[in-house]
Amino acid sequence: MEGEVLMQEDQIATEFGTLYDQPKLSEGYKDESDFPQPFRYLTNWYIIRNGNNHTKNVHRHVLSFQMRHPLPESNNFPTDYVLHGTLEPTVSNNSDNDHDTKSQQRPPIKPIKVVISKLNHWSLDRSSSSRGIWVESSKAWYKLKKPCANPVPIRATVRCNLANNNSRNNDKNGGDIHPPHSNERDINDRNTIGTKTTAYLPSQESLHTTLRAKFGLISNLIDLLSEPYNDVTHNYIPIHAKRAPAKIHGLLSPTDELWSEYNHPPSEPLNREPFDLRLLERCPDFVKQHLRHYHPLLQEDCPFMRGLDDMIKARGSGGGKGSISRKRPRAGMAETLSDNDHYNYNDDDSWNEEDYRKSAEEAELRGQRTPWGDALPNVNIGRVRPNRLIDIEIEKQARAAAVKMSQEHLNNQSGDNTTDGEISSADEQQHRKKQDQNEREERRREHKEEEKEVTKKRKIKAITPSNENNIHDDDDDDD
């Protein structure tokens, strides 16, 4: 690029001060004294080995110097690894502010190509604001953004030795094989046809595809665990720590009907799956290493971590065997591996580069992030809700319970109305029968009263002087 300045890392602070130092936005960042190194962004980056490796073959030496290398599996860089890239100016220093007199007087900041040779290790930052792959050197932390996409051209000469071909042909035809000439080099030169051509070595972007996919998987899992639940003080870690990853995947993968009903992008998207389970089954040791110590509930004996252990056993891998040994990690970063820990993130021949690329793109779409971890422009990262299906199921059950209660209430009201005003025919007959019986009893009592009254009148009429004796007789009879 025209106008680029190439310099060593030691020259950055001396020549440009803090023009390329980025703000420290990590949620875990607290004190400058804890992490005094500046944070910088590196784009169009690539990794090579320096030219100090002593080799007898000059062509192999040049080839090794030009060849790109992926990030080391052990997280720790060999001493001959060199990182190249272009530094991004800090956002505040690169903005056009008409009210800032100093920014009007300052000349435009030129792109700087930097060479970083004293590399320590790389880490995954799991925080939301600074998520990505960071490299620590002896001077600063560098966030790796877009890798260099250019294949590496090399000039090669294709040679064909006619003398050797003729000798082999003569041998097959029964001809004589000529003994080596004393000046065999001259004969080979005279009988060799050479054609120069250009070959291309893989680009850094191509070599980085596998780690890009696995970083996307880690990012999706972090979103899944850290999503706020009800308010910002609670998240879903207590829920998911009690389940194996495969069960979480099943819990949060909607059916076709649910997905069609509730997927409303961009305001309310619903993902087909919360993360790539197939990729997780291929790299459970890598995921476990970078989620270790993420939260106190993610202990070694929790179902989530035990589920990762089961995946590791299923792949026939024992995971890393070395102890974690390095300086305190930067805020929000996972522990790096020791030199004895090797997690090969290119170890599965059944997946090719296109498979990893597709997995990476799907993970980035789910998380609404770039391949290097930045939130997409004009995207509210709060809209990323991998646990939305749980809320949907809760809402569905609540609606079903409300409908059931409403139906029961209507049934109760219907039952009350029937008791008050709608007597059945059988009850009506019973009621009438009882009324008739009561009426008959009442008439019988009235008849008996009438008979007693008639008898009393007859006795009074019979009391006269002429009939005294009869009266006594009647009294005796009454007695």
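The values are calculated or read from the model by the stated rules, or taken from the named source; none is laboratory data. Since the structure is predicted, the reported quantities are computational estimates derived from the model, not experimental observations. Note that we place each Cβ from the backbone using ideal geometry, even for glycine, and neighbour counts take in every protein chain shown. Just the protein is used for accessible areas: all its heavy atoms, side chains included, with ligands, DNA and RNA removed. Shrake-Rupley method; radii C 1.70, N 1.55, O 1.52, S 1.80 Å.
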Gain in span if fully extended, Leu410 to Asn230, counting 0.36 nm per residue against the direct Cα distance: 61.4 nm
Segment Glu450-Glu257, extension gain: residue separation times 0.36 nm, minus the distance between their alpha carbons: 60.9 nm
Dipole-positive endmost among Gly132, Pro151, Asn120 within segment 119-159 (Cβ charges, Cα centre): Pro151
Accessible area, probe 1.4 Å, largest first, for residues Leu280, Leu376: Leu376, Leu280
Exposure rank, largest accessible area first [Asp374, Asp125; 1.4 Å]: Asp374, Asp125
Environment charge of Arg399, counting only residues whose C-beta is closer than 14 Å and scoring Lys/Arg +1, Asp/Glu -1: -2
Modelled FRET efficiency - R0 25 Å, Ala246 with Glu395, Cβ distances, 0.05 increments: 0.50
Gained length - Arg292 relative to Gln368, 0.36 nm times residue gap less alpha-carbon distance: 24.9 nm
Radius 12 Å from Cβ of Tyr200, net charge of other residues (Lys, Arg +1; Asp, Glu -1): +2
Computed E for Thr79/Arg278 - FRET, C-beta separation, R0 51 angstrom, nearest 0.05: 0.90
Probe 1.4 Å, all protein chains present, accessible-area order of Glu268, Glu73, largest first: Glu268, Glu73
For segment 254-300, accessible area per residue (1.4 Å probe, heavy atoms of protein chains only), Å²: 52
Heavy atoms of Ile109: accessible area, 1.4 Å probe, square angstrom to 10: 40
Modelled FRET efficiency - R0 45 Å, Val403 with Glu354, Cβ distances, 0.05 increments: 0.40
